[in-house]
């Protein structure tokens, strides 16, 4: 059994997202006046070979906290999908 | 007295390792030794320097992967025992990622990679790395980074201020610390901080690039000499 951990890492709201700001300005320059803001994050897929979903989830959270995100300036979300 | 060995860690992607080695070799009484990231042996070094560059291509986050390099286990133990560790630029990022220092560095607020001369004010000369500077002395030391925007939650900033752990702040040539003298958006104009025990210093400016007159400034030199004074007196 294996699971795909779909992980999104985003900058905390209090952190200035300069990439997002640049994209936001570009969209506004393209004429999309209703675009209010853009923020850029990372999407990471990790395949975890585990039988039990609970264990895969524990590992998913652990790797997010240890390496994939920096809790000082980022948040993460984790979604698990069973691979058939 | 035999020369004191100072280790310079080489990560894949380090690019200031040889400049740092040169600055160490140029410091009277010091002998550099290069430490490959994949090793576990500090080779008798009495201080460890983490150099600038782009360890692991800055993948994921600057310093995030280097922090788990094999040799970092020994470096963290070494630091926790109270021995001196100095992180410069990417080395500072590695120290923050490893938890030896608090806070984080995000993208410069003006989106640009900055490579220029800066002035920093020595706001704490009581560390083992700054004892040869005068209190509030302004140093001309260059920066070269895209992610040097220091951030920390309010409680960490309070602790840094309360325990006099901010060592360098971006200033003008007269030592004025203002928003105009802040190149990257760092909170409180922070350019360098020290840990509570006082043995781990991280800074974004490059003292090794300001270690002799031909480089345009030799203000960085006394950082290495301060460290020597400390180690020689042990």
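Taken together, the values in this text are just the output of simple stated rules run on the coordinates, not laboratory data. This one's a predicted model, so the numbers in the text were calculated from it and none came from an experiment. Don't worry about glycine lacking a Cβ; one is built from the backbone with ideal geometry, like all the others, and counts go over all protein chains shown.
For segment B:192-226, backbone nitrogen atoms closer than 14 Å to the point 7 Å from residue B:125 Cα along Cα-to-C-beta are found at B:222-223, B:226.
Please give the FRET efficiency for residue B:233 paired with residue A:14, using the beta carbon to beta carbon distance and R0 = 41 Å, rounded to the nearest 0.05.
0.40
Cα centroid separation, segment B:150-173 to segment B:1-56: 27 Å.
Residues B:224, B:54, arranged from fewest to most other Cβ atoms within 10 angstrom of their Cβ, appear as B:54, B:224. Counted by neighbouring Cβ atoms within 10 Å, the residues B:1, B:229, A:73, B:223 run from fewest to most as B:1, B:229, A:73, B:223. Measuring nothing but how far apart in sequence close Cα pairs (under 8 Å, 6+ apart) lie, relative to its length, chain A scores a relative contact order of 55 percent.
In segment B:177-234, the alpha-carbon atoms span a convex hull of 105 Å³ per residue. What percent of all Cα-Cα pairs in chain A falls into each 10 Å bin, going from 0 up to the bin containing the maximum distance? Percent of pairs per bin, in order: 17, 36, 24, 17, 5, 0. Cα-Cα pairs above 19 Å in segment B:27-137: how many percent? I get 53 percent for the Cα pairs in segment B:27-137 exceeding 19 Å. With both labels modelled 7 Å from their Cα along Cα-to-Cβ, the residue B:158 to residue A:75 distance reads 2.3 nm.
Highest mobility in the GNM of chain B, judged by mean-square fluctuation with C-alpha springs under 10 Å and restricted to B:155, B:21, B:212, is found for B:155.
What number results when the radius of gyration of segment B:1-60, computed over Cα atoms, is divided by 2.2 N^0.38 Å?
Normalised by 2.2 N^0.38 Å, the Cα Rg of segment B:1-60 equals 1.14.
With the convex hull of the Cα atoms taken as the outline of segment B:87-199, the averaged projected area works out to 6.4 nm². With equal scatterers on the alpha carbons only and no solvent term, can you work out the Debye log10 of I(q)/I(0) for the protein assembly as shown at 0.08 1/Å? With no solvent term, the Cα-only Debye profile gives -0.39. Between residue A:34 and residue A:4, the C-beta separation translates, for a Förster distance of 35 Å, into a calculated FRET efficiency of about 0.55.
Computed over segment B:4-232, the range of Cα coordinates on each principal axis works out to 44, 38, 34 Å, biggest value leading.
When the alpha carbon coordinates of segment B:65-112 are projected onto the principal axes, the ranges are 38, 20, 15 Å, largest first. Computed over chain B, relative contact order equals 20 percent, with contacts defined as Cα pairs under 8 Å that lie 6+ residues apart.
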